[in-house]
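None of the figures in this text is laboratory data; all of them are computed from the coordinates on show. All figures in this text were calculated on a predicted structure; none of them were measured in a lab. Cβ atoms come from the backbone with ideal geometry, glycine included; neighbour counts cover every protein chain shown.
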Amino acid sequence: MLNTITVEAGTRKNQFCLYWQDDDGNGSEFICTVYGFDNACRVANGISVEQAEYVKTPGSNPFEEVA
């Protein structure tokens, strides 16, 4: 049962891929590509309403430079 939407960093800067997964992180099915970390989180949360139990995102933007 795919009950999780996962946001993962893509291959280009500020590109994020959304996937359906089960709660163990297996059985990935690609949903879409979104540009911008905040946008990706918003899209994942929007899709999850009434459709997914969990949303997994990185703790912070992996493309952001730390000073």
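Numerical summary
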{"item": "Check on V43, assigned to a strand (DSSP E or B) and touching a residue at least 12 places away in the same chain (Cβ under 8 Å)", "result": "no"}
{"item": "The stretch 57-67: number of residues that are surrounded by 15 or more Cβ atoms within 10 Å (Cβ to Cβ) and either of a type in the set (D, E) or not in a loop (DSSP other than H, G, I, E, B) (or both)", "result": "0"}
{"item": "Qualifying residue in the stretch 16-37 (condition: assigned to a helix (DSSP H, G or I) and crowded, with 16+ Cβ neighbours inside 10 Å)", "result": "yes"}
{"item": "Complete set of residues in the stretch 38-49 that are of a type outside the set (D, E), loosely packed, with under 14 Cβ neighbours inside 10 Å and either within 19 Å of E64 (Cβ to Cβ) or in contact with an Asp or Glu (Cβ under 6 Å, 6 or more places away or on another chain) (or both)", "result": "N39, R42"}
{"item": "Pick from the stretch 10-20, criterion under 21 Å from N45 (Cβ atoms) and in contact (Cβ under 8 Å) with a residue 24 or more places away in the chain, ranking: farthest from the chain's Cα centre (by Cα)", "result": "N14"}
{"item": "Qualifying position, being farther than 16 Å from E64 by Cα and either surrounded by fewer than 14 Cβ atoms within 10 Å (Cβ to Cβ) or in contact with a strand residue (DSSP E or B) (Cβ under 6 Å, 6 or more places away or on another chain) (or both), among T4, T11", "result": "T4"}
